[in-house]
Structures are given as C-alpha cells and as structure tokens.
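Enquirer: Below is one structure. I have some questions about it.
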Amino acid sequence: MSDPITRAKTVLAAQNIELPSWAFGNSGTRFKVFTQEGVPRDPFEKIADAAQVNAYTGAAGSVALHIPWDKVEDYGALAAHAANEGVRIGTINSNTFQDDDYMLGSVCHPDPKVRRKATAHLLECVDIMDATGSSDLKLWFADGTNYPGQDTIAGRQARLVEVLAEVYERLGEGQRLLLEYKLFEPSFYTTDVPDWGTAYAHCLKLGPKAQVVIDTGHHAPGTNIEFIVAILLREGKLGGFDFNSRFYADDDLMVGSADPFQLFRIMHELVSQEVVGPDSGIAYMLDQCHNIEAKIPGQIRSVMNVQEATAKALLVDAEALAKAQAAGDVLEANAVLMDAYNTDVRPLLAELREEQGLAADPMRAYAASGYAERITSERVGGAQAGWGA
Ligand code: LRH
Ligand code: MN
C-alpha cells in the first residue's frame with residue numbers, strides 16, 4: 001500500500017476540471033457587463049485561452065461549450081482546433097433562456113409552438129455533440145413563474161416530462177443528459193427544476209442516461225450540499241458539478257473563494273467514495289463569471305482551489321476517522337477531518353507540478369508568459385464575446 005502522499009499525487013495527477021467557454025468572455029450582472037482588453041471574439045479564441053489554463057495547471061483538459069454563444073459553421077473544425085491546443089470539447093450546454101419567445105418559459109411554456117421551438121434547440125445540441133464527440137448534454141432551464149396563479153405548477157411539470165422524454169430518446173450511444181436545478185432567478189415564485197429532488201425525480205423517470213448536476217451556487221443559503229452529494233451518489237444519479245462559490249445567491253464567484261471549507265467537505269464526500277477520477281462518470285466543471293478580475297488567471301486560480309480542496313480531502317486519515325466514528329468519538333472524528341483541512345497542501349501540489357514538468361506556481365508562470373499582453377495587442381477589432389444578455 002503506497003503512502004498517503006503518493007496516493008494523493010496519483011489521484012491529483014489524473015484530476016480533470018472542465019472549463020466553461022463563457023468564463024473567458026465578458027460577463028457581469030444586470031447592472032453592468034464590464035469589458036476587458038484581450039477578450040476572445042469567437043469560440044476558437046476562447047478555446048485557446050482555456051488551453052492556457054491547462055498548460056499551467058495540467059488539470060483542465062476539456063472545455064464546455066454553450067449554444068448559441070459558441071455557435072460555429074464547422075464543429076468538427078472547432079474540435080480539431082481544440083485537439084491542436086491540447087484540450088478537447090466537453091459538455092454541450094443548451095440555452096433556452098435568452099429568446100423573447102421564452103418570456104413565459106421554454107420547455108414548460110403554455111404554448112406548444114414555443115415548446116416545439118425549445119425542443120428543436122435541445123435536439124440541435126445533440127447534433128452538435130455528434131459533431132464534437134461530446135458525451136454530455138447539460139440542460140438548465142430558466143423556466144418558472146413570478147406570481148401565484150400565473151400558470152399551473154402540475155401542468156408545467158407534465159410539459160417538462162414530455163420534452164425531456166423526447167430529448168432522452170434522441171441520445172446516441174455513450175451520450176447522456178445532465179439536468180441542472182436552481183432554486184430561483186430569473187424566476188422568483190416557482191422554478192420548474194428548483195432543487196435536487198425535482199431533478200432526481202425527472203432523471204429517475206427518464207432512465208440510466210439521465211443524471212443530476214449540482215451547481216454549488218443554486219441552493220438556498222445554509223443548504224448542506226455534501227449531503228445532496230452523498231444521496232445522489234448512493235442512487236447513482238450524480239452526473240456532475242458546476243463549481244463556483246457565493247456569499248448570497250448565484251454569485252458565480254471563483255470556486256472555493258467564498259467558502260473553501262464547504263468545497264473541502266464536498267470533496268471529502270467524493271474522495272471517501274473514490275469518485276474523483278476521470279473514469280468516475282462525474283463531470284467536474286467550473287461555471288463562473290469573472291466580472292471584474294482577469295479571466296485566464298481567474299480560471300487558473302479556480303482550478304488550483306479545486307486541487308487544494310481535493311488534496312486536503314485525500315489527506316484525511318480515513319482509518320482514524322472510521323475508528324473514531326465507530327467509537328462515537330465525536331471530537332476525535334471532527335479533529336481527524338479538521339487536521340486534513342488545516343494541512344497546507346500547496347507544497348505537495350507545487351512538487352507534483354514540477355514532477356509533471358510544470359511550473360510550481362501556475363499563476364506566476366502564466367503572468368510571466370506574456371500571453372496576456374499578446375492577446376491584448378492582437379485582439380483588436382471584432383466583437384468581444386459575451387453572454388449577449
Ligand atoms: C444558470 C447556469 C447554467 C448555465 C449558466 C451559464 O445559472 O448555472 O449552468 O447555463 O449558468
Ligand atoms: Mn451552472
């Protein structure tokens with residue numbers, strides 16, 4: 001049995017954190033979307049920036065796309081470009097929340113014509129998966145209502161069941177759909193997929209190719225997310241994560257920046273069930289917006305935060321913990337976990353990076369690369385990418 005440090009390094013070396021293409025474009029809030037120099041103008045430049053994060057962390061080998069924000073003529077060419085940059089195209093995200101027709105919803109809209117339009121978009125996303133070689137379709141619906149009586153809650157669920165069944169039917173070999181829930185926003189009375197239970201119920205009804213995505217910013221304050229992780233894992237319905245962090249609502253801040261202890265507790269649940277690796281069937285993704293900070297360094301820092309939380313979780317003395325838990329030794333059990341959490345794992349990760357032929361400090365190495373200056377001088381003209389909200 002190898003020592004805990006070696007075991008930790010083996011798991012960390014194989015860890016993959018998928019990056020969101022939209023994190024490299026301009027983003028903001030309803031108050032303001034701030035622009036930044038050097039921001040990509042198209043999905044090719046977004047992928048080039050994502051490849052920088054992988055080049056310095058060695059742990060971000062795939063990029064999630066969002067349609068139509070990443071719409072291109074030739075998705076095969078985009079996939080080839082990604083491969084050329086040393087990364088691959090990962091999850092395909094649908095978008096049925098930015099069209100005027102979707103004011104009262106998309107797949108849950110009272111008008112069957114609007115539901116047809118939304119379904120056609122979801123089916124188009126599966127066509128794109130065929131072209132990019134992606135296995136995951138991620139569905140998040142902004143659908144909901146703002147006032148009691150606006151629409152029938154049961155009726156909207158029935159419409160959702162119908163559309164999800166049609167999309168599920170379309171999935172090809174090795175493909176699956178990941179259903180993402182969110183408590184509120186942009187809807188403020190009901191959200192049609194508001195919590196893990198609703199997402200789980202729909203995925204159960206659909207079948208084995210449907211699983212739940214946990215976006216860490218999509219819960220009521222005080223929600224114990226690692227509990228949801230444990231339950232969905234138990235049921236074989238945990239499909240992935242949209243990692244980010246928040247102080248209040250869906251703030252989409254850098255994962256681990258607002259609540260590093262929560263991230264550690266989540267990773268502890270996953271490590272203790274040995275489902276951190278790329279063959280775990282769990283898609284580990286970031287879903288963030290760098291509204292005021294530099295985007296590529298923001299993504300590098302975020303990947304490092306996940307690596308640090310994972311490394312701490314991998315250093316939990318599982319034997320001592322199990323012994324204390326079995327003995328009902330509450331303080332000892334808590335102390336074992338806190339010892340790991342309070343361990344400075346930065347030297348371990350720096351050592352691992354050097355063993356991987358990477359710089360010990362990815363932030364410093366990227367800053368010294370001149371890439372930021374190069375894209376600022378090169379990317380002049382054209383329309384900067386953004387949410388287009
Ligand atoms: C919704 C969400 C979803 C994405 C969007 C970018 O809040 O988390 O995952 O489609 O952000
Ligand atoms: Mn999300």
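Enquirer: Pop out the carbon and sulfur fraction of the accessible area of the chain as a percent, whole number, probe 1.4 Å.
Expert: Working: 9510 of 17120 Å².
Whole-percent figure for carbon plus sulfur exposure: 56.
Enquirer: Grab the beta carbon distance between Phe261 and Glu73, set R0 = 51 Å, and tell me the FRET efficiency rounded to 0.05. Numbers along the way, then the final one.
Expert: Details: r = 46 Å, r/R0 = 0.90.
Efficiency, rounded to the nearest 0.05: 0.65.
Enquirer: Would you compute, from DSSP H runs of 4+ residues alone, the mean residue ellipticity of the chain at 222 nm, taking -39500 (n - 2.57) per run and dividing by the full residue count, rounded to the nearest 500?
Expert: On the way: 14 runs with 176 residues, N = 389.
That calculation yields -14000 deg cm²/dmol at 222 nm.
Enquirer: Between Ala165 and Thr376, what is the spin-label point distance in nm, taking each point 7 Å from the Cα along the Cα→C-beta axis?
Expert: 5.6 nm
Enquirer: With a 1.4 Å probe and all protein chains kept in place, how do Thr310, Thr29 rank by accessible area, largest first? It would help to have the intermediate numbers written out before the result.
Expert: On the way: Thr310 0, Thr29 75 Å².
If we order Thr310, Thr29 from most to least accessible, we get Thr29, Thr310.
Enquirer: Calculate the length of the line joining the C-alpha centroid of region 245-281 to that of region 93-167, in whole Å.
Expert: One Cα centre to the other: 28 Å.
Enquirer: Let's see if you can work this out: charge +1 on each Lys and Arg Cβ, -1 on each Asp and Glu Cβ, no other charges. What is the dipole magnitude of the chain about its Cα centre, in debye to the nearest 20? Write down the numbers at each step before the final one.
Expert: On the way: 33 positive and 54 negative charges, 74 e Å.
In debye, rounded to 20, the chain gives about 360.
Enquirer: Oh, and also: Sorted by packing (mean other beta-carbon atoms within 10 Å per residue), highest first, where do 236-244, 180-188 land? Before the final figure, lay out each step's value.
Expert: Working: 236-244: 23.7, 180-188: 17.2.
The densest-packed peptide leads the list: 236-244, 180-188.
Enquirer: Rounded to the nearest 20 Debye, what is the dipole magnitude of region 231-277 about its Cα centre when Lys and Arg each give +1 and Asp and Glu each give -1 at the C-beta? It would help to have the intermediate numbers written out before the result.
Expert: On the way: 4 positive and 8 negative charges, 35 e Å.
Rounded to the nearest 20 debye, it is 160 debye.
Enquirer: Tell me the net charge near Lys295. Cut-off is 13 Å between Cβ atoms, Lys295 excluded, with +1 for each Lys or Arg and -1 for each Asp or Glu.
Expert: Here the charged neighbours net out to -2.
Enquirer: Give me the Kirkwood hydrodynamic radius of the chain, using the inverse of the mean 1/r over all pairs of distinct Cα atoms, in Å to one decimal. Intermediate results must be reported in sequence, preceding the final value.
Expert: Values: mean 1/r = 0.0461 Å⁻¹.
Answer for the chain: a Kirkwood hydrodynamic radius of 21.7 Å.
Enquirer: Amide H to amide H, which residues 5 or more places from Asp252 or on other chains are under 5 Å from it, using H placed in the peptide plane?
Expert: Ser245
Enquirer: Quick one: which residues, 5 or more positions from Asn93 or on another chain, have an amide H under 5 Å from its amide H? H modelled 1.01 Å from N in the peptide plane, none for Pro or chain starts.
Expert: Leu65, His66, Ile67, Lys138
Enquirer: Then there's this: Over region 256-389, what number does the Rg to Rh ratio reach, with both radii from the alpha-carbon atoms and Rh per Kirkwood?
Expert: On the way: Rg = 18.9 Å, Rh = 17.5 Å.
My calculation puts Rg/Rh at 1.08.
Enquirer: Continuing with this model, one more query. Rounded to the nearest 5, what is the percent of antiparallel bridges among the DSSP beta bridges in the chain? Walk me through the intermediate numbers first.
Expert: On the way: 5 of 32 bridges.
For the chain, the DSSP antiparallel bridge percentage is about 15.
Enquirer: Write down the accessible area per residue of the chain in Å², having rolled a 1.4 Å probe over the full set of protein chains.
Expert: Numbers: 17120 Å² over 389 residues.
For the chain, the per-residue accessible area is 44 Å².
Enquirer: While we're on this one: Report the full-extension gain for the segment Ala120 to Gln273: residue separation times 0.36 nm, less the Cα-Cα distance, to one decimal in nm. Please report the intermediate quantities before stating the final value.
Expert: Details: separation 153, 0.36 × 153 = 55.08 nm, distance 3.80 nm.
Working it through step by step, the gained length comes to 51.3 nm.
Enquirer: Now, a different point. Where in the chain are the DSSP H helices whose alpha-carbon span along the long axis reaches 27 Å or more and whose Kyte-Doolittle mean is at least 1.6?
Expert: Values: long enough: 112-132 (30 Å, -0.15); 295-314 (28 Å, -0.06).
Long hydrophobic helices here: none detected.
Enquirer: May I have the convex hull volume per residue, in Å³, for the Cα set of region 112-247? Write out the running numbers ahead of the final one.
Expert: Numbers: hull volume 15.6 nm³, N = 136.
That works out to 115 Å³ per residue.
The values are calculated or read from the model by the stated rules, or taken from the named source; none is laboratory data. Everything quoted here is computed from the prediction, not taken from an experiment. We place every Cβ from the backbone using ideal geometry, glycine too, and count neighbours over all the protein chains shown. Remember, those area values only see protein heavy atoms, side chains included, never the ligands or the DNA or RNA. Shrake-Rupley method; radii C 1.70, N 1.55, O 1.52, S 1.80 Å.
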